[in-house]
């Protein structure tokens, strides 16, 4: 007897970035966790990622308490790590053990690695062969650390990191066997077709971020005319279905190949200016995305 597959919309989960909560320094006003998770629950999302390291708490007990209060399991944690610089190896290890320890006790979600230049998200630069190899060796070490906690690492290609462009993606695919998170928006901005990536690399994809992009705004960012914050303010990350990313086609590739994992809805935003601490923002964009995805 065949098993009935759970629909895409019933595998939709949230991320605090859709409510303006982000690990990038000086991103804007950060809503408290209970406000954000309450809104996730209200719109029908089934689980959540942790958001910035420490956002939901700094111990498994704290994270579990918040997640359980709203009935939202933890399915992933975004962890920026410096991997190209061997002098930073011990710092990398400590950060990895901390985040892996939280995940192992709060639902065994994915350890989501973003390869940053430094803790301040410094400007990208051209890596030497030795620095690329240091990154690849770093992936292996994080895999081993994660295995010790009973979880899995996935690599997140991401704007303003060292795995952003199509050349970066191709180099990692060829030089490392690290598993991947497919983020439709960040791949698109970096020049990688997310549909083609899904089709050619399905066997290496374990996690999926649904993100749409208005490439007319992204082009200004890529040309250096505006910052990522300004692009976000200008709506570069729009509701699913409103942008230029072929989200439906990418999901179709995943589903037709038997993907049964989560779809993390991400609509990056930033809350600028002064906000009261009990501020609530409109969930209209998130609801619009859910409506679009429910019709696929």
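The values are calculated or read from the model by the stated rules, or taken from the named source; none is laboratory data. What you are looking at is a predicted structure, and each value in this text was computed from that prediction instead of being measured. Quick reminder, even Gly has a Cβ in these numbers, built from the backbone with ideal geometry, and neighbours come from all protein chains shown.
Looking across the stretch 23-43, the residues that are within 27 Å of residue 10 (Cβ to Cβ) and either within 17 Å of the chain's Cα centre (by Cα) or part of a helix (DSSP H, G or I) (or both) come down to 33, 34, 35, 36, 37, 38, 39, 40, 41, 42. Take the residues in the stretch 253-268 that are farther than 16 Å from residue 76 by Cα and in contact (Cβ under 8 Å) with a residue 12 or more places away in the chain; name whichever of them is surrounded by the most Cβ atoms within 10 Å (Cβ to Cβ). Here the residue is 267.
Of all the criteria given as (1) surrounded by fewer than 21 Cβ atoms within 10 Å (Cβ to Cβ); (2) at pLDDT 95 or above; (3) more than 29 Å from residue 73 (Cα to Cα), the one not satisfied by residue 234 is (2). For residue 46, the conditions (1) in contact with a strand residue (DSSP E or B) (Cβ under 7 Å, 6 or more places away or on another chain); (2) within 27 Å of residue 228 (Cβ to Cβ); (3) in a loop (DSSP other than H, G, I, E, B) all hold with the exception of (2). Number of residues in the stretch 60-79 that are in a strand (DSSP E or B) and free of Cβ contacts under 8 Å to residues at least 60 places away in the same chain: the value is 3.
With respect to residue 234, determine if the residue is without any contact (Cβ under 8 Å) to a residue 24 or more places away in the chain and in contact with a helix residue (DSSP H, G or I) (Cβ under 6 Å, 6 or more places away or on another chain). Yes: the conditions hold for residue 234.
Quick check, is residue 154 closer than 27 Å to residue 103 by Cβ and touching a helix residue (DSSP H, G or I) at 6+ places or on another chain (Cβ under 8 Å)?
On the way: closer than 27 Å to residue 103 by Cβ: yes; touching a helix residue (DSSP H, G or I) at 6+ places or on another chain (Cβ under 8 Å): no.
So residue 154 does not fit the description; no.
Matching residues to (1) closer than 25 Å to residue 50 by Cα; (2) in contact with a helix residue (DSSP H, G or I) (Cβ under 9 Å, 6 or more places away or on another chain); (3) surrounded by fewer than 24 Cβ atoms within 10 Å (Cβ to Cβ):
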site: 191; (1), (2), (3): no, yes, yes
site: 198; (1), (2), (3): yes, yes, no
site: 203; (1), (2), (3): no, no, yes
site: 211; (1), (2), (3): yes, yes, no
site: 217; (1), (2), (3): no, yes, yes
site: 223; (1), (2), (3): no, no, yes
site: 228; (1), (2), (3): yes, yes, yes
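For the condition within 28 Å of residue 125 (Cβ to Cβ), in contact with a helix residue (DSSP H, G or I) (Cβ under 8 Å, 6 or more places away or on another chain), surrounded by 17 or more Cβ atoms within 10 Å (Cβ to Cβ) and in contact (Cβ under 8 Å) with a residue 40 or more places away in the chain, what is the one hit in 28, 14? It is 28.
Going through (1) under 16 Å from residue 76 (Cα atoms); (2) crowded, with 19+ Cβ neighbours inside 10 Å one by one, residue 185 falls short only on (1).
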